[in-house]
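Undergrad: Sending over a structure as structure tokens; questions will come in a sec.
The values are calculated or read from the model by the stated rules, or taken from the named source; none is laboratory data. Quick caveat, the model's predicted, so the values are computed rather than measured. For neighbour counting, all protein chains shown are included, and Cβ atoms are generated from backbone atoms with ideal geometry for every residue, glycine included.
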Ligand SMILES: O=C(O)CCC(=O)C(=O)O
């Protein structure tokens with residue numbers, strides 16, 4: 001299993017991440033990681049493991065579902081190894097220009113073949129008890145991904161819009177709703193808008209998409225009759241990030257010992273998982 005990214009992250013990749021708020025990086029994780037985390041993800045789901053924000057979205061009348069689980073590394077050594085020893089943390093550090101990164105959390109997203117459940121358009125920071133620029137998500141494809149299998153779609157540059165849309169989860173959990181916040185538009189209705197640039201990629205297992213916490217994204221149904229789509233999205237913290245536990249944000253399995261407004265240097269809850277000095 002590779003510790004360092006299999007391919008170089010170029011200056012152009014970093015510029016794309018900064019300009020568009022998202023970049024797709026090809027073949028960063030070797031087949032051993034993909035096979036292992038594919039087995040770990042489906043095993044975790046089938047054994048009904050983990051109990052922190054386990055969610056399902058299912059359209060009435062369908063058996064197929066959109067399955068989500070979070071903080072798996074708190075409950076499973078395979079995910080712990082992935083969080084600490086896969087190239088994901090170095091990829092995040094490189095894109096954020098950080099000399100060290102802390103773990104925030106990871107999430108698995110499995111869309112069964114034939115599920116109509118969408119991923120509603122949203123961006124991530126309004127869900128999270130943080131503020132700042134340096135929070136990156138590395139969405140690692142564990143299966144082939146295409147439009148047919150519910151590939152992610154992004155609105156390029158939306159991280160610079162100065163918007164903070166009301167959080168919406170796939171299961172529309174009311175715990176996150178806030179009537180004072182602006183709802184995120186349904187951008188699938190605005191595909192012809194000349195002012196918007198939509199980005200999406202066909203992906204192979206081992207490719208990853210890296211996005212900024214305010215880049216708007218969503219996905220449609222998995223219309224494939226045979227192929228489930230599975231990914232792990234792992235999130236890391238860089239330098240410019242402060243703790244901000246607002247009322248309608250995600251709760252953690254263990255609350256950190258932090259004052260509002262400070263850099264999250266709680267080594268237990270947000271451990272340092274990569275440092276340039278020791279990596280080189
Ligand atoms: O995989 C999905 O459908 C959603 C992924 C997502 O929203 C994320 O990684 O932030």
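Undergrad: Between a residue in the range 99-123 that is over 22 Å from residue 185 (Cα atoms) and modelled with pLDDT of 95 or more and any residue that is near the ligand (Cβ under 9 Å from one of its atoms) and part of a loop (DSSP other than H, G, I, E, B), which pairs come within a Cβ distance under 6 Å, given they are 6 or more apart or on different chains?
TA: Correct list of pairs: 111/150.
Undergrad: Another question, if that's okay. Residue check, residue 207 against (1) under 26 Å from residue 167 (Cα atoms); (2) out of contact with any helix residue (DSSP H, G or I) (no Cβ under 7 Å at 6 or more places or on another chain); (3) within 16 Å of the ligand (Cβ to nearest atom), all met but one. Which one?
TA: Of everything listed in (1) under 26 Å from residue 167 (Cα atoms); (2) out of contact with any helix residue (DSSP H, G or I) (no Cβ under 7 Å at 6 or more places or on another chain); (3) within 16 Å of the ligand (Cβ to nearest atom), residue 207 misses just condition (1).
Undergrad: Specify which of the listed residues (63, 46, 81) is surrounded by 15 or more Cβ atoms within 10 Å (Cβ to Cβ) and either more than 25 Å from residue 206 (Cα to Cα) or without any contact (Cβ under 8 Å) to a residue 60 or more places away in the chain (or both).
TA: 81
Undergrad: Further question on the same structure: Looking only at the range 210-227, filter to residues that are within 10 Å of the chain's Cα centre (by Cα) and more than 9 Å from the ligand (Cβ to nearest atom); which one of those is farthest from residue 163 (Cα to Cα)?
TA: Only one residue tops the list, namely 210.
Undergrad: Let me ask something else. Only one of 135, 131 is more than 18 Å from residue 34 (Cβ to Cβ), out of contact with any helix residue (DSSP H, G or I) (no Cβ under 6 Å at 6 or more places or on another chain) and away from the ligand (no atom under 15 Å from the Cβ); which?
TA: After applying the criteria, what remains is 131.
Undergrad: Can you work out which of the residues in the range 102-121 that are crowded, with 21+ Cβ neighbours inside 10 Å and near the ligand (Cβ under 8 Å from one of its atoms) is farthest from residue 251 (Cα to Cα)?
TA: 111
Undergrad: Does the range 79-111 hold any residues that are closer than 19 Å to residue 53 by Cα and outside any strand (DSSP E or B), and which are they? Can you show your working first?
TA: Of all residues in the range 79-111, those closer than 19 Å to residue 53 by Cα come to 79-80, 83, 103-111.
Residues satisfying the conditions are 79, 80, 83.
Undergrad: Taking into account only those residues within the range 178-204 that are part of a loop (DSSP other than H, G, I, E, B), under 23 Å from residue 166 (Cα atoms) and touching a residue at least 24 places away in the same chain (Cβ under 8 Å), which is nearest to the ligand (Cβ to nearest atom)?
TA: 184
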